[in-house]
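What follows is a short report on a single structure.
Readers should treat all values here as calculations from the given coordinates under stated rules, not as data from a laboratory. Since this is a predicted model, take the numbers as computed values, not measurements. In this analysis, Cβ positions are derived from the backbone assuming ideal geometry, glycine residues included, and neighbour counts consider all displayed protein chains.
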Amino acid sequence: MISYIIRRIFYMIPTLIIISMISFAVIQLPPGDYLTTKIAQLQAQDELVNIDLIEALRAEYGLDKPVYVQYGKWIWNILHGNFGYSWEWQKPVEEVIGERILLTAIISFTATFMIYLVAIPVGIFSATNKYSVGDYLVTIIAFVGLALPNFLLALLLLFIGYAVFDVSLAGLFSSEFANAPWSAAKVGDLLKHLWIPVIVVGTTSTAGRIRVMRGNLLDELNKPYVMAARAKGLSEIKLLFKYPVRVALNPLISGLSVLLPQMISGATITAVVLGLPTTGPMLLGALRSQDVYLAGAFILLLCTLTVISTLLSDILLAWSDPRIQYE
Amino acid sequence: MNEPNDTLLSVERLKKHFPIKKGLMRRITGYVRAVDDVSFRIRKGETLGLVGESGCGKSTIGKLVLRAMKPTAGRIMFHLDGREVPVHELSDAELRPFRKHAQLIFQDPYASLNPRMTVREIIGEPILVNRDHDSEDMDQRVAELMELVGLDSRYLKRYPHAFSGGQRQRIGVARALALNPDLIIADEPVSALDVSIQAQILNLLHDIQQDLNLTYLFISHDLSVVEYISDRVAVMYVGKLVEVADNEDIFRRPKHPYTEALLVAVPRISGERKAHAYTLSGNVADPANPPSGCYFHPRCRYAKDVCQTKSVSLEEISPGHQVACHLASELELKGL
Amino acid sequence: MNRRFGILARWKTKRESLEESERYYVATPRQLMWWKFRKHKLAVVSLYILGFMYLIAIFAEFVSPYNPNERHIRQLYAPRQKIHWIYNGRFHLRPAVFTQKFEIDPETLREKYYEVPEEAYPIRLFARGDRYRMWGLFETDLHLFGVEPGGTVFLFGTDRMGRDMLSRIIAGARISLSIGFVGIALSFILGLILGGISGYFGGVADLIIQRLIEVMRAFPAIPLWMGLSAALPMTWSPLKVYFAITVILSLLGWVGVARAIRGKFLALREEDFAVAAYLAGASKWRIIYKHLLPSFMSHIIVVLTLAIPHMIIAETALSYLGLGLRPPITSWGVLLKETQNIQDMAHHPWLLLPVLFIILVILAFNFVGDGLRDAADPYAT
């Protein structure tokens, strides 16, 4: 098992290197750089340009050098904890993004947790009450939930909130906490607002997992060993949870490695619709204004988050399913 | 070599080892010896039965002879009208013309027929890819083959889903016969069928062997089937042959304790209780980590000290009867 | 008399059932799949709905009553015009719409529209209207329906520039529905080639492609899409942007297809019937196209069908963020971008109508995919 984990971590390294290259290539794609646009903009407005500062920054990041040198510098700095400088915010990148990455991770992980918390019991109910009214209801809701993309759901929730209840469902904090430093009250306020994005991000996947859980469990319940156990007089509850539920859970656990990237992606776009102070809107802004180090840091960190969560889910699967050979 | 000239296939010191990879760097830490130093011969027109418990490597031998996989070591020689074909070292290009001399009958009559092809396409495929006949001829040939295996040739345009398991196996036999092969390897050809159907397919195999002068390598775990169809029998245990003899010798006068143990397990209709009835205890040895000495000694009721230390090889104890047992000459074993 | 008929009927049914089973025995895989698909009623209905939508998308200019970019400056944010059967004092077989006029609400300072029943305009089929070039081939002004000059027919209302929402949704359907197909076709070609190579040849090729797939899967799709789309120069022509977006979507979409193909290839390659063909001397290519491709084509079609809605959603999302298609191209995502102001949306809810169509299409694709999945393996019992 240890050897398996070490090997997996070992495999992560080339993946991360390629990811960093693609991230860098993507942010470098647009012609020109932030400075050229910014200087032109400032000069057009007859504003004083701090040429010295800009030149210093340019030299530090080697913007005048070839792309691979810039990449090398970028990666070298990141390895030393320096993510670069956000032109737009006039601050080091790590100061700008720390909180936003954290909030994105909170939303993604909470949503993932909620998905399983809802999908597993509902899936079990649906399978054990096959073709009942409840099952049909669950099936219909699941199908609609599957078809409804996150951001459309966010849009509809916003609309209903505003048009019917006359409340704004946007944002993660009440106005008095938005720029306040962290405190117990702010965390409480966050929890009050968290449910909307969590619902939005999680609905599609919850619907999907309900279907998977139902299908797996039905397959499992049809197997002869279940009938044998029933013939022996095992109580239905014991019968259900002893093996079939556990076997049916395995595909759900292995699906975690696909789910987490989806959550992070989903959180990004939902955040734009709901106007959340997470990575989404800031990444969008950074991409638009060619704030390369900010955008690059976001993409790199989101990808790294994804790779790590994939690893975690694989380890979880290896640990939960004894049939997996990790040698 | 002065081989008798009626030999069709001779296999010498054949080995197939699968590497086991372990650890961080996926180092090869050992080998599964699926087939380990196996030699045998099949004469033209005879049926050699190959028996053993599942996992002993008998199907691997079939695949090696057909070159569905490459042997690790050893020679597979095919004797065709005076010519010798070294099957073990043929390249992919050289293999294709050889294929029509040896064909396979599969175990599973469902998985072995492409459900998306008609019977005509399935039986005709070997003819088509080897350009044996032109297309008008092919219909005729396929119809002939269908009649030969006892299928109504009007069913040419039907798909496999129209047929029962036994009928499907007949289609599989017809496909194997399409190229007029010399050797047919039948890998558990009846074990997936109902007992009542098994006899029909066995009779079919027997009849076409007479009519077409075919040679069979008949692989099975079922001794009663092997007894019925084979001229000679080879018994296999953990990658090695432990006894090779004529049908009569194997079943009436076995010389290896493993053969005896297998025979005891064969159900008989006679009312008498077997006085020496006992069952094989323990599990088949792990081919990745076989026991010392004779591989069978942990399960052998006659085992002595020598069996634990000294390895055994196949030796001829009487004409045409080979055994790999230290105690072959002392033991009095019972047949059926 | 009755008895004779009874015997005759029984004899007939027996003969018919014989013919029936013979029909089943010689049924091609495609027939079997269709028979099985037909049993999934929801999938069949969905298939008809999709067929209908694509038909509308193909004949978009003709079906829509107006040019989607035509502005009606006296009808900004006009609500949906209702269809009336009773007008001019009596019931008519031909329905009509009433002219809508507005006054400024003194409290909110917004336009308030009201109907003028005196100005009833019957809806006519094959009416003359805005001129357009059908498929860029010939010019005409014929529309499926419309009203006499002087009246308007805004069945889905108008947007902030007074453009007919129905016409815009129809125009958007052409773009949004086609981008799914084109994107999936590109994904499929990429996935088929890479997945096929990986699955059939194995070895080093497999290793490299597997690593590539792993890396691609590790990328959260939307940030990458955002990055790539943001890199598209603003100066590009709409057509160029359309194709660039399609390529971006399929660059990420092939991964799933390649994985599915590789997995299926690996499983099928070991199937007895493929081994049988190999042992019969069939070439690699014959085994691939005669045995492997037909066997997994149905499964791939399922994967593709279920991937199309993802493409449509992705386009919509990107355009909504302002990173995808841009006006003057009209897609459903572009239409939704108009709803970014929540107050606009709350006061003019008909602007959300594209959402209904998006959901309808996505649901339909999911049901069809579901039905296809059931039918994909017609030999399973």
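Among C:350, C:254, A:319, A:76, the ranking by other beta carbons within 10 Å of each residue's beta carbon, starting with the fewest, stands as A:76, A:319, C:350, C:254. Each 5 Å bin from zero holds the following percent of Cα-Cα pairs in segment A:99-320: 1, 7, 12, 15, 16, 15, 12, 9, 6, 4, 2, 1, 0, 0. Value of Rg to Rh for segment B:7-155, rounded to two decimals, is 1.04; Kirkwood radius and Rg both from alpha-carbon coordinates. Taking only the C-alpha atoms of the protein assembly as shown, Rg followed by Dmax gives 36.7, 120 Å. Taking amide H atoms as placed 1.01 Å from N in the peptide plane, the amide H of residue B:236 lies under 5 Å from those of B:51, B:52, B:242, each 5 or more residues away in sequence or on another chain. Relative contact order of segment A:99-320: 31 percent, from C-alpha pairs under 8 Å at least 6 residues apart in sequence.
Per residue, the Cα convex hull of segment A:66-115 amounts to 110 Å³.
Ordering of B:294-300, C:297-303 by packing is B:294-300, C:297-303, highest average first (other Cβ atoms within 10 Å, averaged per residue).
What FRET efficiency comes out for residue A:10 versus residue C:140 if R0 is 60 angstrom and r is the Cβ-Cβ distance? Round to the nearest 0.05. So, using R0 = 60 Å, E works out to roughly 0.35. Among the trypsin sites (Lys or Arg not before Pro) found in segment A:225-327, those both in a DSSP coil and sparsely packed, with 16 or fewer other Cβ atoms within 10 Å of their Cβ, are A:232, A:323.
Placing pseudo-labels 7 Å out from each Cα toward the beta carbon at residue C:347 and residue A:82 gives an inter-label distance of 5.2 nm. For C:266, C:252, the sequence from fewest to most other C-beta atoms within 10 Å is C:266, C:252.
Given their separation in residues at 0.36 nm each and the Cα-Cα distance between them, residue A:136 and residue A:312 gain 59.9 nm when the chain is fully extended.
Against the main long axis of the alpha-carbon atoms of chain B, helix B:135-148 sits at an angle near 50°. Label-to-label distance, residue A:91 versus residue B:131, with points set 7 angstrom from Cα along the beta-carbon direction: 7.6 nm.
Applying 1/(1 + (r/R0)^6) with r as the Cβ-Cβ distance of residue A:319 and residue C:111 and R0 = 45 angstrom yields a FRET efficiency of 0.10. The H on the amide N of residue B:185, modeled in the peptide plane, is under 5 Å from the matching H of B:103, B:104, B:105, B:217, each at least 5 residues off or on a different chain. Okay, which of segment B:320-336 sit inside 11 Å, backbone N to the point 7 Å along the Cα-Cβ direction of residue B:305? The answer is none, because no backbone nitrogen lies closer than 11 Å to the label point.
Note on chain C: Kirkwood hydrodynamic radius from all Cα pairs is 24.7 Å, rounded to one decimal.
Whole-percent P(r), chain B, all Cα pairs, 20 Å bins from 0: 29, 55, 16, 0.
Structural size metrics of segment A:98-217, computed from C-alpha coordinates, are Rg and Dmax of 16.7, 52 Å. The count of lysine pairs in segment A:99-320 with alpha-carbon distances below 25 Å, taking only pairs 8 or more places apart or on different chains, stands at 8. Modelled spin-label separation between residue C:207 and residue B:7, with each label point placed 7 Å from Cα along the Cα-to-Cβ direction: 4.1 nm. Placing +1 on the Cβ of every Lys and Arg and -1 on the Cβ of every Asp and Glu, with nothing else charged, gives the protein assembly as shown a dipole about its Cα centre of roughly 1620 debye.
When the alpha carbon coordinates of segment C:337-381 are projected onto the principal axes, the ranges are 55, 14, 10 Å, largest first.
For a modelled paramagnetic label at residue B:248, 7 Å from Cα along Cα-to-Cβ, the residues of segment B:311-326 in reach, with backbone nitrogen under 18 Å, are B:317-322.
Computed across segment C:131-276, the Kirkwood hydrodynamic radius from all distinct Cα-Cα pairs reaches 19.2 Å.
Among the chymotrypsin sites (Phe, Trp or Tyr not before Pro) in segment A:175-250, those placed in a DSSP loop whose Cβ has at most 10 other Cβ atoms within 10 Å are A:182. The helix-only estimate of mean residue ellipticity at 222 nm for the protein assembly as shown, built from DSSP H runs of length n ≥ 4 each weighted as -39500 (n - 2.57), is -18000 deg cm²/dmol after division by the residue total. With distances taken between every two different alpha-carbon atoms, segment C:72-162 has a Kirkwood hydrodynamic radius of 14.6 Å. Between residue C:20 and residue A:219, the FRET efficiency estimated from the beta carbon spacing at R0 = 30 angstrom works out to 0.45. Here the contact order of segment A:238-313, divided by its residue count and restricted to Cα pairs under 8 Å and six or more residues apart, works out to 36 percent. Convert 25 °C to kelvin, take the viscosity as 0.890 mPa s, use the Kirkwood radius over C-alpha pairs of segment B:114-196 as Rh, and evaluate the Stokes-Einstein diffusion coefficient in µm²/s, rounded to a whole number. My calculation gives 188 µm²/s for D. Backbone phi angles across segment C:314-323, fed through the Karplus curve with coefficients 6.51, -1.76 and 1.60 (θ = phi - 60°), yield HN-Hα couplings of 4, 4, 4, 5, 4, 5, 4, 6, x, 9 Hz in residue order; Gly and Pro are listed as x. Residues considered: C:69, C:88, C:366. Largest GNM mean-square fluctuation over chain C, using C-alpha springs under 10 Å, is found at C:88.
Our compactness index for segment C:234-301, the C-alpha radius of gyration over the empirical 2.2 N^0.38 Å, is 1.65. Shown in residue order for segment C:113-122 are the 3J(HN,Hα) couplings computed by the Karplus curve 6.51 cos²θ - 1.76 cosθ + 1.60 at θ = phi - 60°: 8, 9, 7, 10, x, 5, 9, 9, 10, x Hz (x for Gly and Pro). Each semi-axis of the equivalent ellipsoid for segment C:167-375 is √(5λ) with λ an eigenvalue of the Cα gyration tensor; in descending order they amount to 39, 19, 13 Å. For segment C:167-375, the relative contact order works out to 30 percent when only alpha carbon pairs closer than 8 Å and six or more residues apart are counted.
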